[in-house]
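*Asks:* Sharing a structure here in structure tokens format.
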Amino acid sequence: MFLVTGANGQLGNELKLLLQDKAAYVDRDELDITDEEAVKAYVGQGKWDAIINCAAYTAVDKAESDEALAEKINAQGPENLAKTGIPLIHVSTDYVFDGTNCRPYAETDAVNPQSVYGKTKLAGEQAVLANAQTAVIIRTAWLYSTFGNNFVKTMRKLGKERDSLNVVFDQVGSPTYARDLAQAIVDILPQMKPGMKEVYHFSNEGVCSWYDFATAIMAQSDLVCDVFPIESKDYPTPAKRPHYSVLNKGKIKKDFGIKINHWAVSLAECVEKLENGI
């Protein structure tokens with residue numbers, strides 16, 4: 001039996017569809033991962049094969065003024081889960097990098113987070129590696145799904161309401177369909193070896209800017225909305241975004257035999273589900 005934390009988020013909901021009754025699903029109402037005693041008590045009630053931690057403070061801009069809570073959820077929470085001794089899959093982010101690369105980031109590249117969100121997520125990674133007996137950390141980027149709030153659903157909503165939109169073109173990365181990430185996690189679970197502690201990267205294949213992504217969303221959704229490219233400086237945000245966050249997926253493909261879809265293929269699948277209300 002697996003334990004999925006943060007189960008009401010995008011990734012948690014996708015894991016529910018794949019794992020079904022093979023896992024127990026908790027969100028903050030059922031288990032506050034920042035409470036070490038609560039984690040010990042809950043984990044002690046069952047026999048768990050692995051914990052999949054999808055819980056995170058992901059409000060990137062809000063984190064700039066709410067560092068204490070972001071630290072608790074993104075760093076202390078994973079540490080508490082790691083200390084249980086149960087094999088752990090922990091989801092992290094491209095924000096641990098500064099975004100100044102001009103080639104896809106490998107797991108061995110130097111980290112240099114530029115935001116509170118990135119710094120707290122890096123602290124979570126470090127806590128997991130320091131305290132877990134067995135752990136796989138998966139950094140991902142630009143996550144979207146049919147569940148929750150995300151860029152795809154926002155663009156579709158605005159595309160129905162407006163004639164035109166401005167979207168930044170100087171931030172480049174790889175969109176990640178949460179269902180593909182969930183499937184990768186399910187594929188990894190039986191391949192985890194006792195004592196392993198590894199960091200991996202996962203996103204969909206291919207590279208685009210947010211502008212390219214928005215344009216594709218409109219086209220695949222058959223929405224007539226002009227999308228205009230703008231620079232990041234013309235759309236200031238409290239948190240600094242990485243200008244380049246493409247991830248090298250060679251390691252996860254090699255170690256676990258995982259095949260990864262191109263982002264446009266997965267976007268089409270997600271849009272079809274949204275259109276059909278699946």
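*Asks:* Could you order peptides 21-32, 80-91 by the average number of other Cβ atoms within 10 Å of their residues, highest first?
*Replies:* Answer by packing, highest mean first, reads 80-91, 21-32.
*Asks:* Next question. With every protein chain kept in place and ligands, DNA and RNA left out, what is the accessible area per residue of the stretch 183-278? Probe 1.4 Å, answer in Å².
*Replies:* Accessible surface, normalised per residue, equals 51 Å².
*Asks:* I would also like to ask the following. Residues of the stretch 1-109: accessible area per residue at 1.4 Å, in Å²?
*Replies:* Accessible surface, normalised per residue, equals 45 Å².
*Asks:* Among Val43, Phe2, Val26, whose Cα sits farthest toward the positive end of the charge dipole of the stretch 1-56 (+1 at Cβ of Lys/Arg, -1 at Cβ of Asp/Glu, about the Cα centre)?
*Replies:* Phe2
*Asks:* Out of Lys197, Lys157, Lys251, any idea which swings most in a Gaussian network model of the chain, alpha carbons joined below 10 Å?
*Replies:* Lys157
*Asks:* Hey, another quick one. Which of Leu18, Leu247, Leu267 ends up with the largest GNM mean-square fluctuation for the chain, with Cα atoms connected below 10 Å?
*Replies:* Leu18
*Asks:* In the chain, what percent of the accessible surface is made up of carbon and sulfur (1.4 Å probe, ligands and nucleic acids excluded)?
*Replies:* Carbon with sulfur: 49 percent of the solvent-accessible area.
*Asks:* Which entries in the list Lys251/Lys273; Lys197/Lys253; Lys197/Lys249 go over 20 Å, if you measure between the two C-alpha atoms of each?
*Replies:* Lys251/Lys273
*Asks:* So, one more: Per the helix-only calculation at 222 nm, which mean residue ellipticity applies to the chain, given -39500 (n - 2.57) for every DSSP H run of n ≥ 4 and division by its residues, nearest 500 deg cm²/dmol?
*Replies:* About -10500 deg cm²/dmol.
*Asks:* Another question, then. Suppose the chain between Asn149 and Asp66 were pulled fully straight at 0.36 nm per residue; how much longer would it get relative to their current alpha carbon spacing?
*Replies:* Length gained between Asn149 and Asp66: 27.9 nm.
*Asks:* For Glu36, put the label point 7 Å out on the Cα→Cβ axis and report which residues of the stretch 117-133 keep their amide N under 17 Å from it.
*Replies:* Residues 124-133 fall inside that zone.
*Asks:* Which listed residue (Gly118, Ser232, Ala82) has the Cα farthest towards the positive end of the charge dipole for the chain, taking +1 on Lys and Arg C-beta and -1 on Asp and Glu C-beta about the Cα centre?
*Replies:* Sorting the options by dipole projection puts first Ala82.
*Asks:* Shifting gears a bit: So, in Å, what gap is there between the alpha-carbon centers of the stretch 230-246 and the stretch 87-141?
*Replies:* When both Cα centres are located, 19 Å separates them.
*Asks:* Given the chain reduced to its alpha-carbon atoms as identical point scatterers, what log10 I(q)/I(0) does the Debye formula return at q = 0.11, 0.12 Å⁻¹?
*Replies:* Debye intensities relative to I(0), on a log10 scale: -0.61, -0.73.
*Asks:* Further question on the same structure: Enter the angle in degrees (range 0 to 90, nearest 10) between the Cα long axis of helix 263-276 and the first principal axis of the Cα atoms of the chain, meaning the one along which they spread out most.
*Replies:* The helix 263-276 is inclined about 90 degrees to the chain.
*Asks:* From the backbone phi of the stretch 219-236, what are the Karplus-calculated ³J(HN,Hα) couplings (6.51 cos²θ - 1.76 cosθ + 1.60, θ = phi - 60°) in whole Hz, Gly and Pro given as x?
*Replies:* Here the 3J(HN,Hα) series is 5, 6, 8, 6, 9, 8, 8, 6, 10, 10, x, 10, 8, 4, 5, 8, 9, x Hz.
*Asks:* Moving on to the next point. Nearest 10 degrees, 0 to 90: what angle lies between the long axis of helix 116-131 and the longest principal axis of the chain (Cα atoms)?
*Replies:* It is inclined by approximately 30 degrees.
*Asks:* In degrees, nearest 10, range 0 to 90: what is the angle between the Cα axis of helix 10-19 and the longest Cα principal axis of the chain?
*Replies:* Approximately 60 degrees, to the nearest ten.
The values are calculated or read from the model by the stated rules, or taken from the named source; none is laboratory data. Note that the structure is a prediction, hence the values are computed from the model and not measured. A quick note on method: Cβ atoms are made from the backbone with ideal geometry, for glycine too, and the neighbour counts reach across all protein chains shown. For accessibility, only protein heavy atoms count, side chains too; no ligands or nucleic acids. Shrake-Rupley method; radii C 1.70, N 1.55, O 1.52, S 1.80 Å.
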